[in-house]
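This report concerns only the one structure given below.
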Amino acid sequence: MASKKKPTKTPSKKKSPSKNAKTTTSHPSPSKFSEKVDRWVRSRVREEVIQSKLSLMGTTVYGNESKRKIAIDMLERYTGHKLEDFAKQIILTNFPYYIERFKALLPDATLTTGSAFTVATSKSANVSIIEFGVGSAVAALVGELISVVDPSAVLFLGLCGAVHNSLEVGDFILPIAAVRGEGVSIHFLPKEVPALPTFKVQKFVSQILVEAGHDYRTGTVHTTDFRFWEFDKGFIQKLISERVLAVEMETASLFTSCFASKVNIGALLLVSDCPMREGGIKTKESAREVFRKFTNIHIELGIKAMTNIATRGEHIRHYQW
């Protein structure tokens, strides 16, 4: 009997897609696509931030070697002091008498006068004092110049006119902020940035005041480059509406230029007159009375604070940005 042949299977042909058939292409899921876009955007933002920081640093003393060299030259020329002769704690003042009193209290202090400023440095106290004159423009310049010293702490001892009616001549103000009513600080930071001191400097100065048995006020002061503001009713109304304690001519400029230059700074202000009151505007006679009664205490507190802040004060680390 003949065997039956098994039918052979012919291989099936794969159907080729027709001309009209749609081909499908794999795409990343929406979530993965979004992640890629997000990473790209973040990388671009980081690049822009880095470039902005580099550009900003190029305008500062600490970020521009050419500017730093000029600043060192200018500081030495203006003060008559060599860079290496400055102490790491620095007092700033407007008046030559503070230099005289500093020298009397610290006999080892060496005194120099340059083309613009007078400086004294005591090695025993590890403190320098710079008398730079009056005004916001020169205050801002000093803030930049002292950055080359890389000081650990700076304290401004200034005089101010009372705005708040509770203040009396001889009162101390430890400002927590200053209104930028002058025209120079805009060159350092946008106008929206507040002028603030370094908190830990102010904290230590307040401790020194309390230990010495002195009361003080905290609050905001107004810095202006308008000297005869006492005769401008509109300006007086502005001060009242700002709720400031006092008005003066350097604090905001110093706070702003020092912050931009990475310098730790505080301020202790002495009320020297009460211009809002009848007969309260400072005169030669009243100024002599203020210096006779109160400025010795002012400079002594400043020296004590700056002498001790290196050993007793908390570690001061400037805000990094």
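Looking at THR223, THR218, which is the one that is surrounded by fewer than 20 Cβ atoms within 10 Å (Cβ to Cβ), over 13 Å from the mean Cα position of the chain (by Cα) and β-branched (Val, Ile, Thr)?
On the way: THR223 fails: surrounded by fewer than 20 Cβ atoms within 10 Å (Cβ to Cβ).
Answer to the check: THR218.
State the number of residues belonging to region 152-162 that are crowded, with 22+ Cβ neighbours inside 10 Å and over 13 Å from the mean Cα position of the chain (by Cα).
Step one: of region 152-162, the residues crowded, with 22+ Cβ neighbours inside 10 Å are 153-162.
If we keep only those that are over 13 Å from the mean Cα position of the chain (by Cα) too, we end up with 157-162.
Qualifying residue count, region 152-162: 6.
Of the numbered conditions (1) within 20 Å of LEU92 (Cβ to Cβ); (2) surrounded by fewer than 17 Cβ atoms within 10 Å (Cβ to Cβ); (3) acidic (Asp, Glu), GLU182 fails exactly one; give the number of that condition.
Going through (1) within 20 Å of LEU92 (Cβ to Cβ); (2) surrounded by fewer than 17 Cβ atoms within 10 Å (Cβ to Cβ); (3) acidic (Asp, Glu) one by one, GLU182 breaks only (2).
Conditions first: (1) surrounded by fewer than 24 Cβ atoms within 10 Å (Cβ to Cβ); (2) touching a residue at least 60 places away in the same chain (Cβ under 8 Å); (3) under 19 Å from the mean Cα position of the chain (by Cα). ILE173 passes all but one, so which condition is the exception?
In the conditions (1) surrounded by fewer than 24 Cβ atoms within 10 Å (Cβ to Cβ); (2) touching a residue at least 60 places away in the same chain (Cβ under 8 Å); (3) under 19 Å from the mean Cα position of the chain (by Cα), ILE173 misses (1) alone.
Going by what's in this entry, would GLY158 be described as within 17 Å of GLU250 (Cα to Cα), at pLDDT 95 or above and not polar (S, T, N, Q)? Break it down stepwise before answering.
Values: within 17 Å of GLU250 (Cα to Cα): yes; at pLDDT 95 or above: yes; not polar (S, T, N, Q): yes.
Answer is yes for this residue.
Looking at GLY279, is it free of Cβ contacts under 8 Å to residues at least 24 places away in the same chain, out of contact with any strand residue (DSSP E or B) (no Cβ under 7 Å at 6 or more places or on another chain) and in a helix (DSSP H, G or I)? It would help to see each step written out before you state the result.
Values: free of Cβ contacts under 8 Å to residues at least 24 places away in the same chain: yes; out of contact with any strand residue (DSSP E or B) (no Cβ under 7 Å at 6 or more places or on another chain): yes; in a helix (DSSP H, G or I): no.
No.
Scan (1) closer than 30 Å to GLU300 by Cβ; (2) surrounded by 14 or more Cβ atoms within 10 Å (Cβ to Cβ); (3) of a type outside the set (A, V, I, L, M) for the single condition TRP229 breaks and write down its number.
(1)
Picking from LYS238, LYS293, which residue would you name as being basic (Lys, Arg), more than 30 Å from ASP150 (Cα to Cα) and surrounded by 15 or more Cβ atoms within 10 Å (Cβ to Cβ)?
Working: LYS293 fails: surrounded by 15 or more Cβ atoms within 10 Å (Cβ to Cβ).
Selected residue: LYS238, the only one of LYS238, LYS293 that is basic (Lys, Arg), more than 30 Å from ASP150 (Cα to Cα) and surrounded by 15 or more Cβ atoms within 10 Å (Cβ to Cβ).
Quick one: in region 95-119, which of the residues that are aliphatic (A, V, I, L, M) and in contact (Cβ under 8 Å) with a residue 12 or more places away in the chain is nearest to VAL134 (Cα to Cα)? Steps first, answer last, please.
Let us first name the residues in region 95-119 that are aliphatic (A, V, I, L, M), namely 99, 104-106, 109, 111, 116, 119.
Subsequent filtering for residues that are in contact (Cβ under 8 Å) with a residue 12 or more places away in the chain retains 99, 105-106, 109, 111, 116, 119.
Working: ILE99: 15, LEU105: 24, LEU106: 25, ALA109: 23, LEU111: 20, ALA116: 12, VAL119: 15 Å.
Here the residue is ALA116.
Residues that are in contact with a helix residue (DSSP H, G or I) (Cβ under 9 Å, 6 or more places away or on another chain) and among the β-branched types (Val, Ile, Thr), at least 3 per element: which strands (runs of 3 or more DSSP E) completely within region 133-245 meet that? Explain how you work it out, then say what you get.
On the way: elements: 153-162, 172-181, 217-224.
Hits in region 133-245: 217-224.
Return a yes/no flag: does region 196-208 have any residue that is in contact with a Lys or Arg (Cβ under 9 Å, 6 or more places away or on another chain) and either among the acidic types (Asp, Glu) or under 30 Å from GLY279 (Cβ atoms) (or both). Don't jump to the end; show me each part of the working.
Pass one, region 196-208, residues in contact with a Lys or Arg (Cβ under 9 Å, 6 or more places away or on another chain): 200, 204, 207-208.
Pick out the ones that are also either among the acidic types (Asp, Glu) or under 30 Å from GLY279 (Cβ atoms) (or both) and you get none.
No: zero hits.
Considering only residues that are surrounded by 16 or more Cβ atoms within 10 Å (Cβ to Cβ), acidic (Asp, Glu) and in contact with a strand residue (DSSP E or B) (Cβ under 9 Å, 6 or more places away or on another chain), which ones fall in region 66-111?
Taking region 66-111 first, the residues surrounded by 16 or more Cβ atoms within 10 Å (Cβ to Cβ) are 67, 71-72, 74-76, 78-81, 85-95, 98-99, 101-103, 106, 109.
Filter once more, keeping what is acidic (Asp, Glu): 76, 85.
Across region 66-111, the qualifying residue is only ASP85.
The values are calculated or read from the model by the stated rules, or taken from the named source; none is laboratory data. Predicted model only: the values in this text are computed from it and were never measured. Cβ atoms come from the backbone with ideal geometry, glycine included; neighbour counts cover every protein chain shown.
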